Amino acid sequence: MYFKILLSLWIINLAPPALSVIFDERWGRPLDGGTCLKDGRPVFGSHKTVRGVLGGVAAGGVAAGIMGFSWWIGCLAGILSMSGDLFSSFIKRRLGMESGKIAPGLDQAFEGLLPLLLLAPYFSFSPWGALSLYLVFGCGAYAGSVFLNDVLLSKPFDSYPRPLRPGVRIKDLRACQITASPLHLFVNFEDSIYYHLLMKSVFKVLGVYERGKRNALRLSENHITFQFPDLPPSFDNYRILFFSDLHLDGLDGLAERLAKIVSHVQADLCVIGGDLRMETHGPFAPAFHEIGKVIPGISARDGIYGILGNHDCTEMIEPLKDLGIKFLVNDAEAISRNGDQLWLVGVDDPHYFMCDDLNQAFEDVPAGAFAILAAHSNEIYREAAAYHPRLYLCGHSHAGQIQFPFVGPLFTHSRAPRRFCEGKWTYGGMEGYTTSGVGVSGVPVRFGCRGEVTVITLKRGGKTR
């Protein structure tokens, strides 16, 4: 029974931060409503929310049911534990400590003591048994608070550009900061099993695996034109080299094929649409090695710009700057010619990390300016249209990677409608282009569609063609 009670108290303690991971800022209204007392400090602080308190109480009831004792005892334990936690926060605010800062001992003292005052006599615990339970609970709760504050709510490096939210940081840990083998495989085992064991085996059993790999190496070079009546005159016939979803470390020979295509394109601007590495987790070095074969051959007078995809990590930004790639992470850059300006706007990954921030990205773009938005996926097309970019460049879908005649792609891996998942499209006066990507994801095969590099020409005029 001691272990069951200890586990129940830890579940209650874990519930508020777990809910913050799941829901981020949704329903995260501070319990004190932001009210300050006469000392000018908040009653409890922004980290103590209605959601967290109710979650702790509900977790107590659920834990009690699982452990085999009365749910109402669990709920009472939850109420007392949350009350103790709030009392500790009240004291910390009076001492001038910021919300979310760790106070060893004080953070755990009342949160563990108050529920044990109820549970110890109810379960007839001995004084030594209750004290041992209290101490073990405090050590475990302290370790949890250190993990929350020093890992999930702290920057992994000074220039970290993403919001410090537990949900984002957990994704970062899985995908980016845990790179040692086999640990990164263990924490991402579903990808390893699904793609490398199941799907690859299916293609091999069907006898089409090698053919699919050959298909994936057949890159096409596509030239398209977009016409805009409001394109600044100095940017008439402006050429953009655009490619996305490189995954160059996933297929031998792909980097060389890409390098050969881009080396003879004379562009004004190059935009790389994210997803540089093959896997969604693990080390980045193999991808760096392969992209290093491509970048030196790119000729783009106004520079090479990149955005982050769902396979990418913010740790990639600094090393790739040394190769000449400038990343736009919810940021914008003005390109000037003869007094005219064109704005390139780039957002963080909208698909997996969900850290895109259009408001931040467009904050420096003047109203009415001609802007091109680069986002890894098409999934924010509706929100993007409200900021009036004239062109939306994206990838991610790989055109399905596997298409069937008369059916099209089996999966697009996108929440957007299928008409936005390949080629040209329009929405609300905004032109868009979704590339089928350079590389392959998951399994290195393509059927029914080809990888591509796109050369986009902007023209002043009427209808796009």
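The values are calculated or read from the model by the stated rules, or taken from the named source; none is laboratory data. Note that the structure is a prediction, hence the values are computed from the model and not measured. Virtual Cβ from ideal backbone geometry, glycine too; neighbours counted across all protein chains shown. What goes into the accessible areas is simple: the full protein's heavy atoms, side chains included, and nothing from ligands, DNA or RNA. Shrake-Rupley method; radii C 1.70, N 1.55, O 1.52, S 1.80 Å.
Of everything in the stretch 392-406, what is in contact with a Phe, Trp or Tyr (Cβ under 9 Å, 6 or more places away or on another chain) and surrounded by fewer than 21 Cβ atoms within 10 Å (Cβ to Cβ)? Give them in sequence order.
Selection gives ILE402, GLN403, PHE404.
Kindly establish whether SER145 is of a type in the set (Gly, Ala, Ser), surrounded by fewer than 14 Cβ atoms within 10 Å (Cβ to Cβ) and in contact (Cβ under 8 Å) with a residue 24 or more places away in the chain.
Criteria not met by SER145.
Has the stretch 187-208 got at least one residue that is surrounded by 12 or more Cβ atoms within 10 Å (Cβ to Cβ) and assigned to a loop (DSSP other than H, G, I, E, B)?
Checking the stretch 187-208: at least one residue is surrounded by 12 or more Cβ atoms within 10 Å (Cβ to Cβ) and assigned to a loop (DSSP other than H, G, I, E, B).
Restricting attention to the stretch 261-283, report how many residues are touching a residue at least 24 places away in the same chain (Cβ under 8 Å), of a type outside the set (Ser, Thr, Tyr) and open to solvent by 30 Å² or more (accessible area, probe 1.4 Å).
Number of matching residues: 3.
Could you please find all residues in the stretch 1-18 being within 30 Å of PHE353 (Cα to Cα) and at pLDDT 90 or above?
Listed by number, the residues that qualify are TRP10, ILE11, ILE12, ASN13, LEU14, ALA15, PRO16.
Could you list, ordered by first residue, the pairs with Cβ atoms under 7 Å in which the first is in the stretch 382-394 and on the phi < 0 side of the Ramachandran plot and the second is of a type in the set (Ser, Thr, Tyr), at least 6 apart or interchain?
Note: pairs meeting the criteria are ALA384/TYR392; ALA385/TYR427; TYR392/TYR381; LEU393/TYR433; CYS394/SER377; CYS394/THR434.
Okay, residues lined up against (1) in contact with a helix residue (DSSP H, G or I) (Cβ under 7 Å, 6 or more places away or on another chain); (2) closer than 25 Å to VAL146 by Cβ; (3) part of a helix (DSSP H, G or I):
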site: LYS38; (1), (2), (3): no, no, no
site: GLY45; (1), (2), (3): yes, yes, no
site: VAL57; (1), (2), (3): yes, yes, yes
site: ALA64; (1), (2), (3): yes, no, yes
site: ILE73; (1), (2), (3): yes, no, yes
site: GLU98; (1), (2), (3): no, yes, no
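Of the numbered conditions (1) open to solvent by less than 50 Å² (accessible area, probe 1.4 Å); (2) part of a helix (DSSP H, G or I), TRP425 fails exactly one; give the number of that condition.
All conditions are met except number (2).
Could you count how many residues in the stretch 428-451 are touching a strand residue (DSSP E or B) at 6+ places or on another chain (Cβ under 8 Å) and either open to solvent by 10 Å² or more (accessible area, probe 1.4 Å) or in a loop (DSSP other than H, G, I, E, B) (or both)?
13
Checking the condition in contact with a His (Cβ under 6 Å, 6 or more places away or on another chain) and not aromatic (Phe, Trp, Tyr), which residue from ASP340, ASP349, ASP356 passes?
Going through ASP340, ASP349, ASP356 in turn, the sole match is ASP349.
Cβ-Cβ under 7 Å, sequence separation 6+ or interchain: first residue in the stretch 349-373 and closer than 22 Å to ARG174 by Cβ, partner of a type in the set (Val, Ile, Thr). Which pairs?
Final answer for the pair search is PRO350/ILE380; PHE353/VAL168; CYS355/VAL168; ASP356/VAL347; ASP356/ILE380; ASP357/VAL347.
Six or more apart or on different chains, Cβ atoms under 8 Å: show the pairs whose first residue is in the stretch 397-408 and at negative phi and whose second is outside any loop (DSSP other than H, G, I, E, B) and open to solvent by 20 Å² or more (accessible area, probe 1.4 Å).
SER397/PRO409; ILE402/PRO409; ILE402/PHE447; GLN403/PRO409; GLN403/PHE447
Does any residue of the stretch 421-434 turn out to be touching a residue at least 60 places away in the same chain (Cβ under 8 Å), under 30 Å from SER234 (Cβ atoms) and of a type in the set (Val, Ile, Thr)?
No.
Among the residues of the stretch 400-421, write down those that are part of a loop (DSSP other than H, G, I, E, B), over 21 Å from the mean Cα position of the chain (by Cα) and within 12 Å of SER436 (Cβ to Cβ).
Across the stretch 400-421, the qualifying residue is only GLN401.
Residues to consider are PRO350, PRO409; find the one that is surrounded by 21 or more Cβ atoms within 10 Å (Cβ to Cβ) and at pLDDT below 95.
So the residue among PRO350, PRO409 that is surrounded by 21 or more Cβ atoms within 10 Å (Cβ to Cβ) and at pLDDT below 95 is PRO409.
Filter the stretch 95-128 down to residues that are modelled with pLDDT of 90 or more and of a type in the set (D, E, K, R) and give me whichever is farthest from the chain's Cα centre (by Cα).
Once the filter is applied, the top-ranked residue is GLU111.
If a residue must be buried (at least 17 other Cβ atoms within 10 Å of the Cβ) and either out of contact with any helix residue (DSSP H, G or I) (no Cβ under 8 Å at 6 or more places or on another chain) or β-branched (Val, Ile, Thr) (or both), how many such residues does the stretch 100-121 contain?
Within the stretch 100-121, residues that are buried (at least 17 other Cβ atoms within 10 Å of the Cβ) and either out of contact with any helix residue (DSSP H, G or I) (no Cβ under 8 Å at 6 or more places or on another chain) or β-branched (Val, Ile, Thr) (or both) number 0.
How many residues are surrounded by fewer than 24 Cβ atoms within 10 Å (Cβ to Cβ) and in contact (Cβ under 8 Å) with a residue 40 or more places away in the chain when one looks only at the stretch 67-83?
Matching residues across the stretch 67-83 total 5.
For the stretch 1-29, how many residues are under 23 Å from the mean Cα position of the chain (by Cα) and not hydrophobic (A, V, I, L, M, F, W, C)?
Final tally of qualifying residues: 7.
Scan the stretch 374-391 for residues that are of a type in the set (Ser, Thr, Tyr) and under 24 Å from ALA175 (Cα atoms) and jot them down.
Passing the criteria: only SER377.
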